[in-house]
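Reviewing the structure listed below.
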Amino acid sequence: MRTTFIYGCFMLLMLACGELKGQSPAEEKPMFQSLTFDQADKKAEAVVASMTLEEKIAMIGGDRSFFIRPVPRLHLQEVFMSDATQGVRIQEGLKADSLSKTRLEKSTAFPCPLLLAATWNPGLSFEYAKAVGEECRAGNIGILLGPGMNQYRQSQCGRNFEYFGEDPYLRARMIEQYVTGVQSTGTIATLKHFAANNTDHFRRRSNSIVDERALHEIYLPGFKAGIDAGAKAVMTSYNQINGEWCGQSAFVIDTLLRKELGFQWLVMTDWSSVYDGEKLIKSGQNLEMPSAFALKNVHELLRENKVQEKDITEMVRSIVRTCFAMKFDERDPMNREPARYDEHEAAALQTAREGIVLLRNEGSILPIKDNVKTILLTGEFVKKLAAGGGSARVRGYDIRLMLDELQSALGDRLRCSKDPGIQEIQSADVVLCNVGTEDSEGSDRPFELPETQEALVQKCVNNNSNTVVIVTSGSGVRMTGWNEKAKAILYAWYVGQIGNKALAEIITGKVNPSGRLPITIEREFRDSPGYGYVPDGDTVFTGRNYKLEAAHPVFDIRYTEGIFSGYRWYDKQNIAPLYPFGFGLSYTTFEYENLAVSQERFRGNDTVHVSITVKNTGNVIGSETVQLYVQDVECTVPRPVKELKGFKKVSLKPGESRTVEMLLQKKDFSFWDTNTKDWKAEQGAFVILAGSSSRDIKLKKEITLE
Ligand code: BGC
């Protein structure tokens, strides 16, 4: 126990300092180095020149759902791909001959990416992703179909758990490390789903109407960060943007992705998301997945001169170039690296330790004290692991259940009851009540908890004032009905196969919680910027029903909030959220002092150094995430009240203080100027705000751009 605690604190400290980034206890392999665009392109040009038209056509449509077809006579191997962001999905549905190509017997079920974002620790994003990449290598998986990284625009989206929350800056910092981690193993990372894919309500039928500023300031920066980190693939999304399906939209792929964001590598469609072969070929798209459906009439299009062979050649060249850049041609698929599962599980555990968020802790009921004699555990996911579903589902191995982990941490003080009676609830010293949702792609789910769970949590808080609620969900849920009556609330998201161990460590105080919300949790769904996206007459939960989906008319979702997404919305509308973006408690307390800047007046090319001193003023070691927001005081266009532009997580012993440094550059003061189609920072005053959440600003300083 003691060793675990010390190791936990050590890892926390090291990761907080970023000292574990790129290192692991076992002997480190050198990071994979890809070829440059020119090197890979030169090789591709020669090979593609010898391909027949039929070979090229065969390559631009996927095979057996998850493969790119090979050209054996030219030594182009088939490429296997697999989902996704929270670990490797083992494709049990594949036919035996395809499955034998991958020998991955097991894969680690990591905490969900939204929990990873809640760690606010980019170094951990690297470690997590490197582990996922290594498991891909062990399974001969060339392309990981992740990271998923769409904006958390509204809490009902069934896929929020797969993404990184509501802030483009936080997402960008996590994604660049994620991409670097996956690709350091020689596996391709796929940025998905491009773009403005923020609901799974009839996901093939929605049309996102988004303005230019919102696209650039909110929806694209995460992708841009992934691209700049070297991501070798992008997957387009199911939805339309401004009236055209993304996978066949020249505006989305050619203009936004390729020209503006500078992406040069493989673009693929989401599974069954395109309808018009001619548009697809002319859009900059390279590969239709899972097979050629829109592209089934290619021969006809060529015959009618609607598309040319050179268009097909370009698509193939992009696929082959990407494979050469990743040196797929130099690998023997039968000679795979064994996965280092112990290290991967350690990364998964550390992620859970840092990503579970303590939202409320009245009277310091947590950690549970020794004098607490009877603890009642109840709830939906105590004997079954709460996890996200759909293509992101990872089965995992050696699953640690909440009941088992709490039992071994709390001993025979703990009793578990599925449906406790009032008497049972009243007589316990403390009640641990778990509620949650199992979110999945293919549909959204209501903000409100399912009725039976709402009833259970109400029964607990109304009958025992020492109720600790543990929420296991992939997104925000409505807590307004019981928040104030709960003594404590732990937001545990989906913790993955080993994460319940971290939950037990937090409940017993072996680990001090340090997660911070990467989302705002609203009081009522109608408070949120996404409210109103569901067409009149529809019910939110439809399950995954293709027939129903196909019959549903295309519907518009107007992003009328524009750039005011997430906390930018609540700030502007002056709506008090239940829990604000960036919020999370600790078992210790922190003080902020001395916000200093390198210069109070700066010019466009200057880098402003910002430093803040944080002190642990409590009695236990703990990590604080210092958040830096920027506010534009006067501007000719509307701007958010504040925007996150820096953060740093530091671990501090009791009494210890540390000065953290962050850098601000022109881009951090800029907005997207629709006139010049570029980023612009207007001269004048800005305020730098440092705090422990978007609503708890501790220090401010005005600086001027000359
Ligand atoms: C999902 C993608 C996933 C693909 C392959 C689609 O339904 O939207 O995210 O990568 O399936 O499983």
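The values are calculated or read from the model by the stated rules, or taken from the named source; none is laboratory data. Because the structure is predicted, anything quoted here is derived from the model rather than measured. Positions of Cβ are generated from backbone atoms using ideal geometry, with glycine treated the same way; all protein chains shown enter the neighbour counts. Surface areas here come from the heavy atoms of the whole protein model, side chains and all, with no ligands, DNA or RNA. Shrake-Rupley method; radii C 1.70, N 1.55, O 1.52, S 1.80 Å.
Remark on segment 29-330: ratio of C-alpha radius of gyration to 2.2 N^0.38 Å is 0.94.
Just add up the charged neighbours of Thr472: K/R +1, D/E -1, any other residue whose Cβ is under 12 Å from the Cβ of Thr472. Overall, the nearby charge balance is -2.
Sorting the segments 633-642, 347-356 by their residues' average number of neighbouring beta-carbon atoms within 10 angstrom, most packed first, yields 347-356, 633-642.
Each peptide in 568-581, 223-236, 595-608, 36-49 receives the mean, over its residues, of other Cβ atoms within 10 Å, and ordering these scores from highest gives 223-236, 568-581, 36-49, 595-608. Rolling a 1.4 Å probe across the protein heavy atoms gives the chain an accessible surface of 37 Å² per residue.
Mark the label point 7 Å from the Cα of Arg73 along Cα→Cβ and return the residues of segment 308-339 whose backbone N is within less than 19 Å of it. Output list for this probe position: 313, 316-317, 320.
Each Lys or Arg adds one and each Asp or Glu subtracts one; over the other residues with Cβ under 13 Å from the Cβ of Leu385, this totals +1. Once label points are set 7 Å from the Cα along Cα→Cβ at both Gln264 and Glu337, what is their separation, rounded to one decimal in nm? Output for this residue pair reads 2.5 nm.
In this structure the amide hydrogen of Phe194, modeled in the peptide plane, comes within under 5 Å of the amide hydrogens of Met235, Thr236, Ser237, none closer than 5 places in sequence on its chain.
The stretch between Thr480 and Asp228, if pulled fully straight at 0.36 nm per residue, gains 86.7 nm over its current Cα-Cα span. On full extension, the segment bounded by Asn305 and Lys373 gains 16.5 nm, given 0.36 nm per residue less the C-alpha separation. Note on the chain: dipole from Cβ charges, positive end direction compared against Tyr494, Leu366, Ser693; the farthest Cα belongs to Leu366. Scoring 498-508, 444-454 by mean Cβ neighbours within 10 Å over their residues and listing the highest first yields 498-508, 444-454. Once the Cα-Cα distance is subtracted from the 0.36 nm per residue extended length, the Arg103 to Lys700 segment shows a gain of 209.4 nm.
Placing unit charges on the Cβ atoms only, positive for Lys and Arg and negative for Asp and Glu, gives the chain a dipole magnitude near 680 debye about its Cα centre. In the chain, a dipole from Cβ-located charges (positive for Lys and Arg, negative for Asp and Glu) runs towards its positive end, and of Val608, Val382, Phe293 it is Val382 whose Cα lies farthest in that direction. Put a dot 7 Å past the Cα of Asp329, heading toward its Cβ, do the same for Asp254, and the two dots end up 2.8 nm apart. Between amide H atoms placed 1.01 Å from N, distances below 5 Å from Phe583 occur with Leu517, Ser694, all of them 5 or more places distant or on a separate chain. Measure off, as a whole percent, the carbon and sulfur share of the 1.4 Å-probe accessible area of the chain, all protein chains present. Percent of accessible area from carbon and sulfur atoms in the chain: 49. Dividing the radius of gyration of the alpha carbons in segment 487-539 by their Kirkwood radius gives 1.16 for Rg/Rh. Once the Cβ-Cβ distance of Ile422 and Val620 is raised to the sixth power relative to R0 = 35 Å, the FRET efficiency obtained is 0.45. Taking label points 7 Å from Cα along the Cα-to-Cβ direction, Gln683 and Ile575 give a separation of 3.9 nm. Computed from the C-alpha gyration tensor, the three semi-axes of the ellipsoid equivalent to segment 121-197 are 23, 14, 9 Å, from longest to shortest. Note on segment 29-330: antiparallel DSSP beta bridges, both residues inside, total approximately 25 percent of the bridges counted.
The residue among Val633, Val430, Phe37 whose Cα reaches farthest toward the positive pole of the charge dipole of the chain, with charges on the beta-carbon of Lys, Arg, Asp and Glu, is Val430. Under conditions of 25 °C and 0.890 mPa s, the chain yields 94 µm² s⁻¹ as its translational diffusion coefficient, taking Rh as the Kirkwood radius over Cα pairs in the Stokes-Einstein equation. Restricting the calculation to alpha carbons of segment 590-705 gives Rg and Dmax of 15.4, 54 angstrom.
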